[in-house]
Amino acid sequence: MRKALLLTAALMALTTFAVPSHGQAKIEAVKPADNPSQVVLAAWNDIGRKLIAMAEDFPEDKYDFKPTPAQRTFAEQLLHASGVNYFFTNPVRGEKPPADENPNRADFKTKADIVSYVKKSFADGAAAIKAKGDKGMSDLVVDPYARQYVRVSDFAYGFIEHSGEHYGQLVVYYRISGLVPPESRPKK
């Protein structure tokens, strides 16, 4: 019995002094949460970055490709996703939304024209979010689709999700074309 007590005491001493406790490790300070407008802006810019990368990367000779006759072309997908952004941006800026959410492909003759429009739509949305700032994220605007008041932050997330859905569709266009989307390529 005495040997068992000595062995237990020895094991306890060994584990107490030989293994550093979590309290002895250097603990880094936890960063504070980002401000509300920074979080919305980061999500907006992230999906914008992905769609812009696709717009710049996809071969121009495939811009009018569509997997089935009922679907939009690659170019029309980009124009729609970008055009709908103005149904967010304009109300947030106190302006009327555009008349149509589908810009006419005939008005965008080249890949460069479309890339420029995609970039502008996301830049304009980002500028509207920045202009609202943290306090403006709780401002109410009228959702032109639902005809209902909605907070700017909630409104933004709906459009971020919409762009994400079109991003997912465009991934399929890439894969059917035998291409790998920029976001899916190995990082260098």
Residue check, D46 under 23 Å from the mean Cα position of the chain (by Cα), free of Cβ contacts under 8 Å to residues at least 12 places away in the same chain and within 26 Å of V115 (Cβ to Cβ): yes
Number of the condition not met by A126 [criteria: (1) more than 22 Å from Q169 (Cα to Cα); (2) aliphatic (A, V, I, L, M); (3) more than 16 Å from the chain's Cα centre (by Cα); (4) at pLDDT 95 or above]: (3)
Answer from E101, E56, E28, E76 - the residue that is modelled with pLDDT under 95 and surrounded by 14 or more Cβ atoms within 10 Å (Cβ to Cβ): E101
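Yes/no per residue for (1) in contact with a Gly (Cβ under 9 Å, 6 or more places away or on another chain); (2) touching a residue at least 60 places away in the same chain (Cβ under 8 Å); (3) surrounded by 12 or more Cβ atoms within 10 Å (Cβ to Cβ); (4) of a type outside the set (K, R):
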{"position": "P32", "(1), (2), (3), (4)": "no, no, no, yes"}
{"position": "D61", "(1), (2), (3), (4)": "no, no, no, yes"}
{"position": "Y86", "(1), (2), (3), (4)": "yes, no, yes, yes"}
{"position": "R105", "(1), (2), (3), (4)": "no, no, yes, no"}
{"position": "Y117", "(1), (2), (3), (4)": "yes, no, yes, yes"}
First in the stretch 147-165 and within 20 Å of S121 (Cβ to Cβ), second anywhere and assigned to a helix (DSSP H, G or I) and of a type in the set (D, E, K, R), Cβ under 6 Å, 6 or more apart: V152/K132
Condition check for A18: loosely packed, with under 10 Cβ neighbours inside 10 Å and at pLDDT 60 or above: no
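The values are calculated or read from the model by the stated rules, or taken from the named source; none is laboratory data. Just so you know, these numbers come straight off a predicted model, no measurement behind them. Here the Cβ is made from the backbone with ideal geometry for all residues, glycine too, and neighbour counts use every protein chain on show.
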